[in-house]
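Trainee: Pasting a structure here, questions to come.
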Amino acid sequence: MTTTDSGKRDDSDLDVVGSRLSTAPQEDTLNVPQLGVIGWARWFWRQLTSMRVALLLLFLLSLAAIPGSLIPQSGQDETRVADFMDRHDTLGPLYEKLGLFHVYSSVWFSAIYILLFISLIGCIVPRTWQFVGQLRGRPPGAPKRLTRMPAYATWRTEATPEQVREVALKALKRRRFRAHVAGDAVAAEKGYLREAGNLAFHLALIVMLVAFAWGQLYKSEGNKLIVEGDGFANTLTQYDDFKSGNLFTADDLNPFSFDLKNFRATYEATGPNRGTPRVFEATVDYAVGADGAEKTTRIEVNKPLEIDDSKVYLVSHGYAPVITIKDGRGKVVYEDAVPLLPLDANVTSTGAIKVMDGYRDGKGKWDQLGIQAFFLPTYGGKDSAVVSQFPALLNPRLNLTPYHGDLRVNAGLPQSVYQLDKSKLKAFRDDKGAQVRENLEIGESMTLPNGAGTITFNGVKEWAGFQVTQQPGSGWALAGAIAAILGLAGSLFIQRRRVWVRAVAGPDGVTVVEMAGLGRSESAKVPEELGALAGVIHDEAPTATDHDPDPDRDPETDPDSDSDSEPPVVTAEGAEK
Amino acid sequence: MTLAAATNENLANISNTLIYSAMAVYTLAFFAYIAEWLFGSRSKVGRTAAALTAQDGAAKKPAAPAVTVKSAGGTSVLERPKVVVRAAAGARDVPDGPGAHGGDEQGDLYGRIAVSLTVLAWAVEAAGVLARALSVQRAPWGNMYEFNITFSTVAVGVYLVLLALKKNVRWLGLPLITTVLLDLGLAVTVLYTASDQLVPALHSYWLYIHVSTAIFCGAVFYVGAVGTILYLFKDSYESKVASGGRPGRFATSVMERLPASASLDKFSYRVNAAVFPLWTFTIIAGAIWAGDAWGRYWGWDPKETWSFITWVAYACYLHARATAGWKGRKAAYIALVAFACWLFNYYGVNIFVSGKHSYAGV
Ligand code: HEM
């Protein structure tokens, strides 16, 4: 067909001079490799490091990331995974087998990104060498027919070819082109930062991946619940729960300690969003090292405390009613703040109080006490549902249901401190046989039947949950990210382009100047820049005023040019600057 | 209730009124754009067809440089040399259409009216967003209602800036304003949330950075996507004409007035490529914020995952444009898939998928 054919015809010309404007790998077709292991290996490697396969792998990577966003992931929400398994008898095990509950650490997801990064390395290394070669070499000489270039200008001047070339060389160098004279023309190139930026970007991706992997292997993450007034030292045994990467050892924990002085929360008091949290703030005294000086600071939701590699985050909070229990002899057997777990946004909370040692009942016999606790920071009155109406302590109520018997804490099974194992416990009952349970306001006590003792609700403290994470390598990841953005900006905003200025003496002795510009991609900037350059050179080597036989004739082109497809023309400018 | 709260309520109401007014003016602009297209259809431009069929099979000379030097009469006034520009090898050499008005004077008048109305509507809308921000005393990006009104303000702002820079983009007007009206309609009906402050997890200056760039990127990606869709239409139109086909009258009338497919393609590439580094930055800023708020900078939360998917999809698009056999239409389809990912990340993930990214009311 007309247009494409004519395009193809001078492709080759452009290809030759434009070829080294980029270091992108050459596309070779899917040639069947030569026989032999080495032949196959080489073929495989060439495919893997080709742009086509890189594209395919990128595409696969984005596809493979999708299921993890739609199916519950065990790394994020274990309970939803369990729930899913319960509800889907066939799909559940199938998903399990395919690793769909932990997509981002599954074999197939890893395979894709590892292949991608091998491809990336296999691509970057040769491209870097090639680029270094280009930096060492010189811009390629002018092609024979400059008229074929995307931007072109010509005029005749009385200056000698040498003068023109000299002027051109100076003008180009002033504009920070790398320029040299090659034969009858000046060859110049600019915008190498584009390639450098592109290589830096891809390299930075590798740095980020390695930093991320490193962080995963050495990271640790532990949780600790602390009641106001209590403290914490960063050792393994102090954590409520703890997980770590495969290469982490307990010695890697940064030594520090802190005490929770005070926790403060405020909530929206009115309006449609009544009860929405506004401020969470924990005031702590902390010390670095075994005997560092104490300092006071505040930890907020978005402002963790940073100590070396570790960050201490405020992740949860709740209430801890202060309870005093006296036994049958009137002896205080328990006096503590009991942290309770919140059940809803208004901090309706529940938990258990366990008195394991030292308690004797009304008859003086050893026994154990277990008390189920239920707490409302804001009790709505008799007519409202038995849930808290507001998250702050407006009208606190503590509901207690005491049991006695065997708490089974030594039964060998790990037991939650927030739950009672009631299998060996007996409820207290009053004279009428009804189970004893009571709502207490602050300061109130309840008396257990048969002189078994009293329980007093003395007040409420707040507790805060902290997560301590240690993730080495995040500095590297950040550095990689910044390098990636800078490299990308260089790669996308800088245009790499070439300019040639040829000056030869025509048959009549008048010098013919021809200029051409070529960019890596088509851009309006290339002709504009060429126009500006032409202006500068033209000022020094102005148009010959004498005979001008045929202004529309170009020495290099055929005369049969189409008049109906007149190309767009940009007037040269910039010389006056 | 305190006095301050009452003022805020007032401001919120003013904001609502402004948004509704902006919608009204956008509607007028919409009709003016329609009028521009209608009047434009009177003119019979056939440049694409002329350019593609003029040579009747004979190998066409690709825009040979015709003009070189002109000496101005016999005087000593010298004109500077002119630069001859050629289409890239292998590309169709088609001139850009004249725009929606098609050279028709009345059409052009309506087009200008449409642009003026767009400017007015945009100013009113921007004031609405500002009033909303003042009423909540924070950046207006706490919920989807606020995202939507900011999003369309930015998209129209990008369009107006391109116009002000004298870029040939008036053809964007109709499709853009149509979708802006849809976006605002959705915002005031389905997504409306009374003005409110933020939960503590959203208290961070990273909010300002991360969310503002996210909205900006979305708006620019959107402008790019409109260009891509029009490119696909124009490209099939051109190849049909080039292979001797005769597209319908309506298609001819519309397509002849749009820029050449190569220009549309270049436009959407520029737009997408220009904003891609910013999108990269957005994700990284989000990761830093997540690191501060949740104790890990990357956790494959659905929102994070879809940002990543969108990012990889746009990287795919940029790669495709540098890969033999993937330039042109195939790359354009990838760009549309990438934008679809962005949209899903915005609407789909917020509404259908539960994750850590939840807002004060949707
Ligand atoms: C880890 C996955 C990768 C990502 C996220 C990625 C991303 C990108 C992006 C965003 C660009 C656009 C910059 C530009 O157009 O200048 C780009 C360009 C490029 N990429 Fe990648 N890339 C990846 C892997 C690869 C691989 C494996 C190769 C080698 C085959 C490769 C080779 C190239 C080349 C040659 C360019 C420059 C294209 C041009 O000059 O326009 N990339 N890449």
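The values are calculated or read from the model by the stated rules, or taken from the named source; none is laboratory data. On a predicted model such as this, the values are computed, not experimentally measured, just so you know. Methodologically, a virtual Cβ is constructed for each residue, glycine included, from the backbone with ideal geometry; neighbour enumeration extends over all protein chains shown. These accessible areas exclude ligands, DNA and RNA; they are computed on the full protein's heavy atoms, side chains included. Shrake-Rupley method; radii C 1.70, N 1.55, O 1.52, S 1.80 Å.
Trainee: Look at the stretch A:347-366 and say how many of its residues are open to solvent by 10 Å² or more (accessible area, probe 1.4 Å), at negative phi and assigned to a loop (DSSP other than H, G, I, E, B).
Mentor: 6
Trainee: Starting from the stretch B:32-43, take each residue that is open to solvent by 20 Å² or more (accessible area, probe 1.4 Å) and list its partners that are assigned to a loop (DSSP other than H, G, I, E, B), counting only C-beta distances under 6 angstrom and pairs at least six apart or across chains.
Mentor: These pairs meet every condition: B:Trp37/B:Ala100; B:Phe39/B:Asp104; B:Arg42/B:Asp104; B:Ser43/B:Gly102; B:Ser43/B:Gly103; B:Ser43/B:Asp104.
Trainee: So A:Val167 clears everything in (1) in contact with a Leu (Cβ under 8 Å, 6 or more places away or on another chain); (2) more than 16 Å from the ligand (Cβ to nearest atom) except one condition, right? Which one?
Mentor: (1)
Trainee: Residue by residue through the stretch A:11-44, note down the ones that are buried (at least 16 other Cβ atoms within 10 Å of the Cβ), more than 14 Å from the ligand (Cβ to nearest atom) and at pLDDT 65 or above.
Mentor: Across the stretch A:11-44, the qualifying residue is only A:Trp43.
Trainee: Return the residues of the stretch A:155-182 that are more than 14 Å from chain B (Cβ to nearest Cβ) and open to solvent by 50 Å² or more (accessible area, probe 1.4 Å); say none if nothing qualifies.
Mentor: A:Thr160, A:Glu162, A:Gln163, A:Glu166, A:Lys170, A:Lys173, A:Arg174, A:Arg175, A:Arg176, A:Arg178, A:Val181
Trainee: Further, regarding this structure: So how many residues does the stretch B:203-238 have that are surrounded by fewer than 18 Cβ atoms within 10 Å (Cβ to Cβ) and without any contact (Cβ under 8 Å) to a residue 60 or more places away in the chain?
Mentor: Going through the stretch B:203-238 one residue at a time, the tally reaches 3.
Trainee: Can you find a residue in the stretch A:217-226 that is within 13 Å of the ligand (Cβ to nearest atom) and within 12 Å of chain B (Cβ to nearest Cβ)?
Mentor: No, because not a single residue in the stretch A:217-226 is within 13 Å of the ligand (Cβ to nearest atom) and within 12 Å of chain B (Cβ to nearest Cβ).
Trainee: Considering only the stretch A:272-307, how many residues are open to solvent by less than 50 Å² (accessible area, probe 1.4 Å), part of a loop (DSSP other than H, G, I, E, B) and of a type outside the set (Val, Ile, Thr)?
Mentor: Within the stretch A:272-307, residues that are open to solvent by less than 50 Å² (accessible area, probe 1.4 Å), part of a loop (DSSP other than H, G, I, E, B) and of a type outside the set (Val, Ile, Thr) number 6.
Trainee: If a residue has to be charged (D, E, K, R) and assigned to a loop (DSSP other than H, G, I, E, B) to count, how many in the stretch A:332-346 make the cut?
Mentor: So the count comes out to 1.
Trainee: For the stretch A:308-342, give me each residue that is more than 21 Å from A:Asn399 (Cα to Cα) and within 14 Å of another protein chain (Cβ to nearest Cβ).
Mentor: Those that are more than 21 Å from A:Asn399 (Cα to Cα) and within 14 Å of another protein chain (Cβ to nearest Cβ): A:Asp309, A:Ser310, A:Lys311, A:Val312, A:Tyr313, A:Leu314, A:Val315, A:Ser316.
Trainee: So B:Phe267 ticks every box in (1) in contact with a Pro (Cβ under 8 Å, 6 or more places away or on another chain); (2) open to solvent by 40 Å² or more (accessible area, probe 1.4 Å) but one. Which box is left unticked?
Mentor: The failed condition is (2).
Trainee: Then there's this: Select from the stretch A:380-398 the residues that are open to solvent by less than 60 Å² (accessible area, probe 1.4 Å) and charged (D, E, K, R) and list them in ascending order.
Mentor: Matches in the stretch A:380-398: A:Arg397 only.
Trainee: Out of the residues in the stretch A:183-199 that are open to solvent by 30 Å² or more (accessible area, probe 1.4 Å) and farther than 22 Å from A:Trp129 by Cα, state the one that is nearest to the ligand (Cβ to nearest atom).
Mentor: A:Gly183
Trainee: Among B:Ala273, B:Ala285, which is the only one that is hydrophobic (A, V, I, L, M, F, W, C) and in contact with a Lys or Arg (Cβ under 9 Å, 6 or more places away or on another chain)?
Mentor: The unique qualifying residue is B:Ala273.
Trainee: Here's something else I'd like to know. Scanning the stretch B:298-307 for residues that are at the interface with chain A (Cβ under 7 Å from one of its Cβ atoms) and in contact with a helix residue (DSSP H, G or I) (Cβ under 6 Å, 6 or more places away or on another chain), which turns out farthest from the ligand (Cβ to nearest atom)?
Mentor: Selected residue: B:Pro302.
Trainee: State the number of residues belonging to the stretch B:284-293 that are more than 9 Å from chain A (Cβ to nearest Cβ) and open to solvent by 10 Å² or more (accessible area, probe 1.4 Å).
Mentor: Count: 1.
Trainee: A follow-up question, please. Could you name every one of the helices (runs of 4 or more DSSP H) located completely within the stretch A:45-128 that has at least 3 residues being more than 10 Å from chain B (Cβ to nearest Cβ), within 16 Å of the ligand (Cβ to nearest atom) and closer than 18 Å to B:Ile309 by Cα?
Mentor: In the stretch A:45-128, no matching helices (runs of 4 or more DSSP H) lie anywhere.
Trainee: Being within 15 Å of the ligand (Cβ to nearest atom) and open to solvent by 20 Å² or more (accessible area, probe 1.4 Å) is true for just one of A:Ser521, A:Ser491, A:Ser474. Which residue is that?
Mentor: Criteria check complete, one pass: A:Ser521.
Trainee: Please enumerate the residues belonging to the stretch A:129-142 that are assigned to a helix (DSSP H, G or I) and either open to solvent by less than 20 Å² (accessible area, probe 1.4 Å) or hydrophobic (A, V, I, L, M, F, W, C) (or both).
Mentor: Result: A:Trp129, A:Phe131, A:Val132, A:Gln134, A:Leu135.
Trainee: I'd like the full set of residues that are over 17 Å from A:Lys144 (Cα atoms), of a type in the set (Gly, Ala, Ser) and either modelled with pLDDT of 90 or more or not in a strand (DSSP E or B) (or both), limited to the stretch A:489-532.
Mentor: Across the stretch A:489-532, the qualifying residues are A:Ala489, A:Gly490, A:Ser491, A:Gly509, A:Ser521, A:Ser523, A:Ala524, A:Gly531, A:Ala532.
Trainee: Of these, A:Val468, A:Val417, A:Val460, which one is more than 30 Å from A:Thr23 (Cα to Cα) and not in a strand (DSSP E or B)?
Mentor: Sole residue among the options that is more than 30 Å from A:Thr23 (Cα to Cα) and not in a strand (DSSP E or B): A:Val417.
Trainee: Report yes if some residue within the stretch A:392-401 is among the charged types (D, E, K, R) and outside any strand (DSSP E or B); otherwise report no.
Mentor: Among the residues of the stretch A:392-401, not one is among the charged types (D, E, K, R) and outside any strand (DSSP E or B), which makes the answer no.
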